[in-house]
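The values are calculated or read from the model by the stated rules, or taken from the named source; none is laboratory data. Because the structure is a prediction, the values reported are computed rather than measured. Every residue, glycine among them, receives a Cβ derived from its backbone with ideal geometry; neighbour counts consider all protein chains shown. All accessible areas refer to the heavy atoms of the entire protein, side chains included, with ligands and DNA or RNA removed. Shrake-Rupley method; radii C 1.70, N 1.55, O 1.52, S 1.80 Å.
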Amino acid sequence: MKYELFIRVALTEDLPERNLRRGDVATVVASHPGRPGQEPGYSLEVFNAVGETVDVVTGRESQIEPLTADEL
């Protein structure tokens, strides 16, 4: 699935080296097409509840998913 810039997504797995957990919400800030045979990737900005940047990470497309209306 191709994600547009500035859309909010959720992590699908823990990133313990960055202190991020599955379900954490991030904003897509850049896309990376990937080389032939390689999965596309995205740069993600992760914010805390008051809007401060916690981290900026790069992840594979399979490490993120769209948010759904039934999530809190």
* Asked: Could you give every pair whose Cβ atoms fall below 9 Å, whose first residue belongs to region 1-21 and is free of Cβ contacts under 8 Å to residues at least 60 places away in the same chain and more than 11 Å from Pro66 (Cβ to Cβ), and whose second residue is acidic (Asp, Glu) and surrounded by fewer than 10 Cβ atoms within 10 Å (Cβ to Cβ), counting only separations of at least 6 or pairs across chains?
  -> none
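A quick yes/no check of all residues on (1) surrounded by 12 or more Cβ atoms within 10 Å (Cβ to Cβ); (2) over 13 Å from the mean Cα position of the chain (by Cα):
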| site | (1), (2) |
| --- | --- |
| Leu5 | no, no |
| Ala10 | yes, no |
| Arg18 | yes, no |
| Val29 | yes, no |
| His32 | yes, no |
| Arg35 | no, yes |
| Val46 | yes, no |
* Structure fact -> Note on region 42-55: residues farther than 12 Å from Leu5 by Cα and part of a strand (DSSP E or B) are Val46, Phe47, Thr53, Val54, Asp55
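Could you say which residue among Ala26, Ala10, Ala69, Ala30 is on the phi < 0 side of the Ramachandran plot and assigned to a loop (DSSP other than H, G, I, E, B)?
Working: Ala26 fails: assigned to a loop (DSSP other than H, G, I, E, B); Ala10 fails: assigned to a loop (DSSP other than H, G, I, E, B); Ala30 fails: assigned to a loop (DSSP other than H, G, I, E, B).
Unique residue meeting the criteria: Ala69.
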* One residue from Glu52, Glu71 being over 13 Å from the mean Cα position of the chain (by Cα) and touching a residue at least 12 places away in the same chain (Cβ under 8 Å) -> Glu71
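Restricted to region 17-50, and to residues that are among the small types (Gly, Ala, Ser) and within 11 Å of Glu61 (Cα to Cα), which residue is modelled with the lowest pLDDT?
Going through region 17-50, the residues among the small types (Gly, Ala, Ser) turn out to be 23, 26, 30-31, 34, 37, 41, 43, 49.
Next, only the ones that are within 11 Å of Glu61 (Cα to Cα) stay: 31, 34, 41, 43.
Values: Ser31: 96, Gly34: 85, Gly41: 96, Ser43: 98.
Out of the qualifying residues, it is Gly34.
What number of residues in region 57-72 are of a type in the set (A, V, I, L, M) and open to solvent by 60 Å² or more (accessible area, probe 1.4 Å)?
First pass over region 57-72, keeping only residues of a type in the set (A, V, I, L, M): 57, 64, 67, 69, 72.
From the residues that got through so far, the ones that are open to solvent by 60 Å² or more (accessible area, probe 1.4 Å) too are 67, 69, 72.
Going through region 57-72 one residue at a time, the tally reaches 3.
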* To do: Would you check if Asp14 is in contact with a Lys or Arg (Cβ under 7 Å, 6 or more places away or on another chain), open to solvent by 80 Å² or more (accessible area, probe 1.4 Å) and modelled with pLDDT of 95 or more?
  => yes
* Asked: Before we move on, is Val54 among the hydrophobic types (A, V, I, L, M, F, W, C) and surrounded by 13 or more Cβ atoms within 10 Å (Cβ to Cβ)?
  -> yes
